[in-house]
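The values are calculated or read from the model by the stated rules, or taken from the named source; none is laboratory data. Just so we're clear, the structure is a prediction, and the values are computed from it rather than from any experiment. In this analysis, Cβ positions are derived from the backbone assuming ideal geometry, glycine residues included, and neighbour counts consider all displayed protein chains. For accessibility, only protein heavy atoms count, side chains too; no ligands or nucleic acids. Shrake-Rupley method; radii C 1.70, N 1.55, O 1.52, S 1.80 Å.
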Amino acid sequence: MTAAKIHLIFVFLAVASHLPVSTTAQTATFDRYEQNRRAMGVRFQLVAYAEDSAAVQSAFDAAFKRIDEIEKTLSNYLDDSEVSRLESAKANEQYRVSKDLWKVLCLSQQYSQLTDGAFDVTLGRLTELWRAGRKRGRLPDFDELASAKRNIGYDKLKLLPDQQAVQFAVPAIKLDFGGIGKGYAADAALEALRRHGMASALVDAGGDLAIGDPPPGRSGWRIMIELAPSSSFVELHNCGVATSGHSQQFIEVGGKRYSHILDPKTGYGLQDNKQVTVIGSDATQSDAMASAMTVIEFEKAIDLADRMEGLEVMIIQPTAARRVVQSRGFPELSTNHK
């Protein structure tokens, strides 16, 4: 499923170009650096603090190189991507895949099992139909949906670890990593920055955040959540954050609004207007679980988060009654800007 990302705003309170931080040996001066580039259909923003300006550009170049590599692997908008080439895969034949695709597939299958199929990267045929329907302003044809549903299901995807290969139970399965790919790319970019000495860094992949060590002199990055009470934020480090909802992408037919976020069980876009914010161990997990928790019921989503170590969720349903629920360990929201 492709989850709409409600942009999270990260706030830098120290805006001066030089940030002195005392150490036991000497006083170090850190500068803040930022670079943006469009990839995977969104704007990627890299932010890092460093002492040595000479190392920054090579770190950013390495991070964007990883993002480009992952886009060429996972994007079904690129005809020559690895995923696009798999669209012609025959049933029951083995196809060896790259390291990145293998890792994302393994994680995707884990999240599919955890969420009883609410997260599913085999939905490509369905998302293709709904995307076309939004352009035409009408719902997909019932027979087309029925046909597409026969070619989806995470249980139809088999992973072969010994060969680092995949096998499909039916032909013409179209993989769609819209609910996990940008989070995975953000994590890969953050790791590239770390390898180049930029541990105090953050990557924003169109609202999916991969968050590294805190900025110098602070305990974390201040993350503003748009759907929380006005001016509220959480302060975080070394984790991932993602928000999913359908307030920005939908189709309205016959007075009913259908989200571009699809329920794998029905094949239809969601009509339950809620927004889900997930804090996870990394951006890959947050991205996938935010997508899934938009589909499953409130109580099941909260129970799942409470059972998963390092995962927290806040769900907001902006109705007249405005229902808000959150997992036990979700950080307390603050309005203090100091």
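So which of GLY267, GLY329 is assigned to a loop (DSSP other than H, G, I, E, B) and buried (at least 16 other Cβ atoms within 10 Å of the Cβ)?
Working: GLY329 fails: buried (at least 16 other Cβ atoms within 10 Å of the Cβ).
Checking each option against the conditions leaves just GLY267.
Looking at segment 278-309 only, could you name the residues that are touching a residue at least 60 places away in the same chain (Cβ under 8 Å) and outside any helix (DSSP H, G or I)?
Our first condition is that a residue be touching a residue at least 60 places away in the same chain (Cβ under 8 Å); within segment 278-309, this holds for 282-296, 304, 308.
Scanning segment 278-309 gives ASP282, ILE296, MET308.
Residues of segment 134-160 that are touching a helix residue (DSSP H, G or I) at 6+ places or on another chain (Cβ under 9 Å) and part of a helix (DSSP H, G or I): GLU144, LEU145, SER147, ALA148, LYS149, TYR154, ASP155.
Can you go through LEU78, LEU46, LEU105 and tell me which one is closer than 16 Å to THR122 by Cα and of a type in the set (A, V, I, L, M, F, W, C)? Break it down into steps so the answer makes sense when it comes.
On the way: LEU78 fails: closer than 16 Å to THR122 by Cα; LEU46 fails: closer than 16 Å to THR122 by Cα.
Only one candidate qualifies: LEU105.
The residues of segment 24-72 that are surrounded by 14 or more Cβ atoms within 10 Å (Cβ to Cβ) and among the basic types (Lys, Arg), listed by number, are ARG32, ARG43, ARG66, LYS72. Among the residues of segment 79-110, those that are in a helix (DSSP H, G or I) and small (Gly, Ala, Ser) comprise SER84, SER88, SER108.
Run down SER112, SER75 and say which single residue is touching a residue at least 60 places away in the same chain (Cβ under 8 Å) and surrounded by 17 or more Cβ atoms within 10 Å (Cβ to Cβ). Reasoning before the result, please.
Working: SER112 fails: touching a residue at least 60 places away in the same chain (Cβ under 8 Å).
The match here is SER75.
Report yes if some residue within segment 116-123 is surrounded by 17 or more Cβ atoms within 10 Å (Cβ to Cβ), at pLDDT 95 or above and of a type in the set (S, T, N, Q); otherwise report no. Checked segment 116-123: at least one residue is surrounded by 17 or more Cβ atoms within 10 Å (Cβ to Cβ), at pLDDT 95 or above and of a type in the set (S, T, N, Q).
Would you confirm, using the coordinates I've provided, whether GLN275 is touching a residue at least 24 places away in the same chain (Cβ under 8 Å), among the polar types (S, T, N, Q) and more than 18 Å from GLY179 (Cα to Cα)? When the stated conditions are applied, GLN275 does not pass them. If you go through segment 27-52, how many residues are in contact (Cβ under 8 Å) with a residue 40 or more places away in the chain, more than 16 Å from ARG218 (Cα to Cα) and assigned to a strand (DSSP E or B)? Qualifying residue count for the region: 6. Of the residues making up segment 89-99, those that are in contact (Cβ under 8 Å) with a residue 60 or more places away in the chain and either open to solvent by 20 Å² or more (accessible area, probe 1.4 Å) or of a type in the set (Phe, Trp, Tyr) (or both) are LYS90, ALA91, ASN92, GLU93, GLN94, TYR95, ARG96, LYS99. Of all residues in segment 159-184, those that are farther than 15 Å from SER108 by Cβ have Cβ atoms under 6 Å from Cβ atoms of residues that are part of a helix (DSSP H, G or I) and among the basic types (Lys, Arg), 6 or more apart or on another chain, in ALA169/LYS156; VAL170/LYS156. Applying the criterion of being in contact with a Lys or Arg (Cβ under 8 Å, 6 or more places away or on another chain) and surrounded by fewer than 18 Cβ atoms within 10 Å (Cβ to Cβ) to the residues of segment 225-249, the residue that is modelled with the lowest pLDDT is GLN249.
Would you mind stating whether GLY310 is under 23 Å from GLN109 (Cβ atoms), at pLDDT below 95 and surrounded by fewer than 23 Cβ atoms within 10 Å (Cβ to Cβ)? So GLY310 passes the test. The set of residues from segment 144-160 being open to solvent by 60 Å² or more (accessible area, probe 1.4 Å) and touching a strand residue (DSSP E or B) at 6+ places or on another chain (Cβ under 9 Å) comprises just one member, LYS158.
Of the residues that make up segment 62-77, is at least one in a loop (DSSP other than H, G, I, E, B) and modelled with pLDDT under 95?
In the first step, residues of segment 62-77 are kept if they are in a loop (DSSP other than H, G, I, E, B); the result is 75-77.
If we keep only those that are modelled with pLDDT under 95 as well, we get 76-77.
Scanning segment 62-77, I find at least one residue that is in a loop (DSSP other than H, G, I, E, B) and modelled with pLDDT under 95, so the answer is yes.
Of all positions in segment 135-143, none carries a residue that is buried (at least 22 other Cβ atoms within 10 Å of the Cβ) and touching a residue at least 24 places away in the same chain (Cβ under 8 Å). If the condition is being in a strand (DSSP E or B) and among the charged types (D, E, K, R), then segment 213-227 contributes only ARG222. Taking segment 161-212 as the region of interest, the strands (runs of 3 or more DSSP E) fully inside it that hold 1 or more residues being acidic (Asp, Glu) and open to solvent by less than 30 Å² (accessible area, probe 1.4 Å) are 201-205, 208-211.
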